[in-house]
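None of the figures in this text is laboratory data; all of them are computed from the coordinates on show. Model, not experiment: these values are computed from the prediction. We place every Cβ from the backbone using ideal geometry, glycine too, and count neighbours over all the protein chains shown.
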Amino acid sequence: MFVLVLVGCAVFGAADQYVGSLTRFWAQAWQVPALSAPWLLLPFLVGRTQRDLARAAILGGAGTLLALVAYGAMTISPIEHAAFTLGGFLAFARSNALWFFGAVVTGPLFGYLGHRWRVARAPVAAVLVAGAVMVEPLVHGIHYPGVPVSIVPFGPVTVAELACGLAMAAWFTWQRRRAATSCLAPGTATATAAGRAAPRR
């Protein structure tokens, strides 16, 4: 199972990079790999697949790092009209060291949150994941003078991301209510309703 999970992470990283190169077909394609929230959702989904907490955190981190490696490999691959070399990949890693260090933190953290959602429908997991997807378009909409960050202008990509965040928030809410209802003992809801309907004496 964990092999399939890691393969999926690698595919995600390579696909994310490749989509950004399709600007000849879609002018806004470069904005997709500029988004950060999907890279938090990835380890969350990885952790969601694991029954063991430690494995969820470890695979969340390993999967995110592997996705970054696949992203870099695709960047300097023949598919992108480049020649793959070890030196070229090391140059990519050095220029993106911040993202690799970030993956070491966010990967295990969101892998842990994915596990917590699986076993306990933890509200903090839902808030952080859906919140990241909803807030990112707003963050990109703010101008940061002198800060070298990739800014995605408000448009179809950020609108789609915001819509996905809202849909995720609604889904998380529905799942938590469903879990709370299923935890009620048989007859509890009926007894409660009957007690409320009974006339007072």
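Before moving on, here are some points about what is shown:
- Angle between the chain longest axis and helix 86-95 axis [Cα atoms, degrees, rounded to 10]: 60
- Distant alpha-carbon pairs in segment 2-122 (separation over 24 angstrom), percent: 29
- Degrees, to the nearest 10: 2-20 long Cα axis against longest axis of the chain: 60
- Net charge contributed by nearby residues that have their C-beta within less than 14 Å of Met74 (K/R +1, D/E -1): -2
- Using a cutoff of 8 angstrom between alpha carbon atoms and counting only pairs six or more residues apart, the relative contact order for the chain works out to 22 percent.
- The trypsin sites (Lys or Arg not before Pro) of segment 14-88 that DSSP puts in a loop, and whose beta carbon has at most 13 other beta carbons within 10 Å, are Arg24, Arg51.
- With Cα atoms, 0 to 90° folded angle of helix 53-75 axis to the chain main axis: 30
- Over the chain, DSSP H runs of length four or greater, each weighted -39,500 (n - 2.57), average out per residue to a 222 nm ellipticity of -24000 deg cm²/dmol.
- Applying 1/(1 + (r/R0)^6) with R0 = 22 Å to the Cβ-Cβ distance of Ala163 and Val124 gives a FRET efficiency near 0.45.
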